[in-house]
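The values are calculated or read from the model by the stated rules, or taken from the named source; none is laboratory data. Everything numeric in this text was worked out from a predicted model, so none of it was measured. A quick note on method: Cβ atoms are made from the backbone with ideal geometry, for glycine too, and the neighbour counts reach across all protein chains shown.
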Amino acid sequence: MKKSALVYHYSVLLLLFFILALPIAGTFLYSISSSWNTTVLPDGLTLKWYGQLWADLRFVWSFVRSLIICFAAVVIAIVLIFPVVFVVNYYFPKLKLLMQFAIVLPFAVPPIVSSVGLLQLYADDPLTLTGTPWILIGCYFTIALPFIYRAIENNIQAINLHDLIDTAVLLGSSVTKAVFLIILPNLKKGILSAIFLSFSFLIGEFIFANMLVGSQFETLQVYLYNSRNMSGHYSSAIVMSYFALILIATWIANYINKDNLKGK
């Protein structure tokens, strides 16, 4: 590639990075400023907003609730979808198209429509699922399904499932034992990558959390929404803490996925 073309490409990348990073940098600078009203730069820097934030038990508990809800939904999705993907790939490969269609259905219905439908469906439910974390875990489970399914499906396609299972059976192993001792270890990195990618998506979900549980089971996004009338510095500290959490989860997922691709 010519030098002029390289300069052009790098210039576009740097410009794009600057455009994306500028709001984040501004939010972070505002979150550590003591006051910033009439000057180009903050009047002073402080970490008191982060101190107040992480000393607030309401925020800490909303943070913990979000972690529990997201990981519970992802774990349930993996436990339920893996046997289905395995059975379809090993015994009924003709059902793959039907599976792929069914898996993307949650994305076909807008969250606001799904929320209203669920509220009406469980309005007279004697178990009173609305307002509890259980209904939120169920919703997050459907959101995580496409990510989990695609990750497991792609990894199964890469390991030659039939040959591994048939070889293990010929050597005296059962299909169940072969799945736990051969298939799952080969899918470990792909599953871990799917977990963190799904988590980074679910942790930012707001519509289901706000409409189905709201302040009855306050999650991180609902806490951010309820704190909108507080100090802008405090809200910026919430946003940056949330962004740091997403960044860490995404970095871990990318690192695992990169290592997985090298292994192939």
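Screening the range 188-215 for residues that are within 19 Å of the chain's Cα centre (by Cα) and free of Cβ contacts under 8 Å to residues at least 40 places away in the same chain and picking the one that is nearest to Thr130 (Cα to Cα) gives Asn210. Looking across the range 202-248, just one residue is in a loop (DSSP other than H, G, I, E, B), within 13 Å of Cys70 (Cβ to Cβ) and among the small types (Gly, Ala, Ser), and that is Gly204.
Listed here are the helices (runs of 4 or more DSSP H) enclosed by the range 62-150 that have at least 3 residues being within 30 Å of Leu224 (Cβ to Cβ): 105-108, 111-121.
Here the range 111-130 is the region considered, the condition is being more than 21 Å from Phe201 (Cβ to Cβ) and among the polar types (S, T, N, Q), and the residue that is modelled with the highest pLDDT is Gln120.
Among the residues of the range 225-256, those identified as surrounded by 15 or more Cβ atoms within 10 Å (Cβ to Cβ), among the hydrophobic types (A, V, I, L, M, F, W, C) and modelled with pLDDT of 85 or more are Ala237, Ile238, Val239, Met240. Residues in the range 158-212 that are farther than 19 Å from Val84 by Cβ and among the hydroxyl-bearing types (Ser, Thr, Tyr): Thr167, Ser173, Ser174, Ser193, Ser200. One residue is enough: does the range 117-127 have a residue meeting the conditions farther than 22 Å from Gln157 by Cα, touching a residue at least 60 places away in the same chain (Cβ under 8 Å), more than 20 Å from the chain's Cα centre (by Cα) and surrounded by fewer than 17 Cβ atoms within 10 Å (Cβ to Cβ)? Looking through the range 117-127, at least one residue is farther than 22 Å from Gln157 by Cα, touching a residue at least 60 places away in the same chain (Cβ under 8 Å), more than 20 Å from the chain's Cα centre (by Cα) and surrounded by fewer than 17 Cβ atoms within 10 Å (Cβ to Cβ).
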